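A short worksheet on the structure shown next.
The values are calculated or read from the model by the stated rules, or taken from the named source; none is laboratory data. Not measured: the values here are computed from a predicted model. Don't worry about glycine lacking a Cβ; one is built from the backbone with ideal geometry, like all the others, and counts go over all protein chains shown. Calculation scope for accessible area: heavy atoms of the full protein, side chains included, ligands and nucleic acids excluded. Shrake-Rupley method; radii C 1.70, N 1.55, O 1.52, S 1.80 Å.
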Amino acid sequence: MVTVRVPATSANLGSGFDVFGAALETPADIVTLSEADETSIEMHGVGSEYIPEDPAKNTAGVVAKALDAPAHIKIDKGVRPASGLGSSAASAAATAVGLNELYDLGLSRRDLIPYAAEGEALVSGEAHLDNVAPAILGGFTIATDETVTRISASLALVACLPDIVVSTRDAREVVPDTATLDDVVDTVGRAATLAVGMMRDDPVLVGQGMEDNIVTPRRASLIDGYHRVRERALREGATGVTVSGAGPTVLAMCRERDQRAVAMSMVEAFATVNVDARAYQTRIGPGASVF
Ligand code: HSE
């Protein structure tokens with residue numbers, strides 16, 4: 001039997017749509033796998049009632065099939081589904097890492113990323129690596145069609161999850177097909193600034209690099225109270241605010257000393273539009289760990 005803890009992740013970070021991702025220390029899924037002749041899945045935890053246990057319809061089942069490694073997979077969800085915190089990627093990544101260990105498949109962490117992405121594709125409709133890469137490798141990751149680059153970073157973040165559901169499929173429909181050259185030029189500059197900020201553990205550079213004028217404004221329109229939450233967080237010292245993944249979680253980069261005030265202000269701002277929310281005061285952290 002193998003147990004894997006796999007973290008929530010935040011994709012995009014504003015300027016890195018479908019490319020950037022970061023592992024968060026909390027929340028996390030716990031996945032326990034044991035050898036079996038046929039794959040079966042048992043769901044527990046937050047939002048588990050909405051996730052099918054049929055292996056053909058569950059990200060973990062798809063990964064087990066892709067690796068040709070049947071198992072009994074017990075998933076305890078700590079990452080709420082449809083939160084923008086890489087919930088489906090977490091279960092897919094944990095399954096890939098766990099099966100590799102359980103059956104001694106000898107694959108490297110990097111080898112496992114495409115298998116986990118197959119599971120993720122079941123839910124999001126397309127195979128993106130921006131959640132599964134940090135879920136498996138940890139840290140901040142830059143995932144392109146050719147390479148996955150990992151940067152170790154240690155920065156404080158607040159991930160504020162409102163009680164709203166935004167499906168990844170819906171959130172992808174609002175993404176524009178085209179962008180102006182001015183917006184592309186701005187985004188390239190921001191993305192490069194963010195990556196350097198991660199290398200230097202500099203929350204100000206990362207925050208400046210999180211701005212994005214192409215995807216985030218459209219996604220923000222799906223989140224009640226987004227602009228109020230953003231303004232309050234910035235006033236309390238957040239260095240940058242954006243939509244986490246497909247939303248509705250709102251992600252704020254901040255200095256450690258401001259983290260508590262930023263978290264409280266975001267929850268309060270959601271309350272002003274009658275939306276309950278909880279804020280995770282977290283950090284960029286490690287990827288899946290086997291224990
Ligand atoms: N980059 C993806 C998106 C993350 O924002 O739609 C969710 O798969």
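Taking amide hydrogens as placed 1.01 Å from N in the peptide plane, the amide H of D29 sits under 5 Å from those of V6, A8, G78, V79, each at least 5 positions away in sequence or on another chain.
Ratio of alpha-carbon Rg to the 2.2 N^0.38 Å globular estimate for the stretch 1-120, to two decimals, please. Mind dumping the intermediate values first?
Numbers: Rg = 13.3 Å, N = 120, 2.2 N^0.38 = 13.6 Å.
Rg over 2.2 N^0.38 Å, computed on Cα atoms: 0.98.
3J(HN,Hα) along the stretch 241-257: 9, 8, 7, 7, x, 7, x, x, 4, 9, 10, 10, 8, 7, 7, 4, 5 Hz, from the Karplus curve 6.51 cos²θ - 1.76 cosθ + 1.60 with θ = phi - 60°, whole Hz, x for Gly and Pro. Ranked by the mean number of other Cβ atoms within 10 Å of their residues, highest first, the peptides 178-191, 10-23, 39-52, 57-70 fall in the order 10-23, 57-70, 39-52, 178-191. Share of pairwise Cα-Cα distances greater than 18 Å in the stretch 129-272 is 59 percent (whole percent). Specify whether the C-alpha gyration tensor of the stretch 162-222 places it in the rounded, prolate or oblate class, a ≥ b ≥ c being the square roots of the eigenvalues: rounded for a/c under 1.5, otherwise prolate if a/b is larger than b/c and oblate if not. Note, shape of the stretch 162-222 comes out oblate. When the accessible area of the chain is computed with all protein chains present and a 1.4 Å probe, what percentage of it is carbon and sulfur? C and S atoms contribute 48 percent here.
On full extension, the segment bounded by D37 and V204 gains 55.0 nm, given 0.36 nm per residue less the C-alpha separation. Backbone amide hydrogens, once placed in the peptide plane, bring T239 within less than 5 Å of M253, C254, R255, excluding anything fewer than 5 places away on its chain. Dipole magnitude for the stretch 2-151: about 440 debye, using +1 per Lys or Arg Cβ and -1 per Asp or Glu Cβ, origin at the Cα centre. For the stretch 120-166, the alpha-carbon coordinates run over 35, 31, 14 Å along the three principal axes, in decreasing order. With contacts taken as Cα pairs under 8 Å at a separation of at least 6 residues, the chain carries a relative contact order of 24 percent. Computed over the Cα atoms of the chain, the ratio of the radius of gyration to the Kirkwood radius (Rg/Rh) comes to 0.96. Distances between placed amide hydrogens fall under 5 Å for T39 paired with A71, all partners being 5 or more residues away or on another chain.
Relative contact order of the stretch 2-151: 29 percent, from C-alpha pairs under 8 Å at least 6 residues apart in sequence. Remark: the stretch 127-134, residue by residue, has Karplus-estimated 3J(HN,Hα) of 8, 9, 9, 6, 9, 5, 4, x Hz, where x stands for each Gly or Pro and the curve is 6.51 cos²θ - 1.76 cosθ + 1.60 at θ = phi - 60°. Mean residue ellipticity, 222 nm, helices only, the chain: the sum of -39500 (n - 2.57) across DSSP H runs of n ≥ 4, divided by residue count and rounded to 500, is -11000 deg cm²/dmol. Around M210, what is the net charge, scoring Lys/Arg as +1 and Asp/Glu as -1 over all other residues with Cβ under 14 Å from its Cβ? Net of charged neighbours comes to -1.
I'd like to compare 81-88, 27-34, 267-274: which one has the highest average count of other Cβ atoms within 10 Å, and what's the full order after that?
81-88, 27-34, 267-274
Its Cα centre serving as origin, the chain has a Cβ charge dipole (Lys and Arg +1, Asp and Glu -1) of approximately 920 debye. Kirkwood radius and radius of gyration were both taken over the C-alpha atoms of the stretch 209-282, and their ratio Rg/Rh is 0.93.
Taking Cα centre as origin and charging only the Cβ of basic (Lys, Arg, +1) and acidic (Asp, Glu, -1) residues, the dipole magnitude of the stretch 158-291 rounds to 340 debye.
Across the stretch 96-223, C-alpha contacts under 8 Å between residues 6 or more apart give a mean separation that, scaled by the residue count, equals a relative contact order of 17 percent. Electrostatic tally near A271: other residues with Cβ closer than 14 Å to its Cβ, Lys and Arg +1, Asp and Glu -1, net -1.
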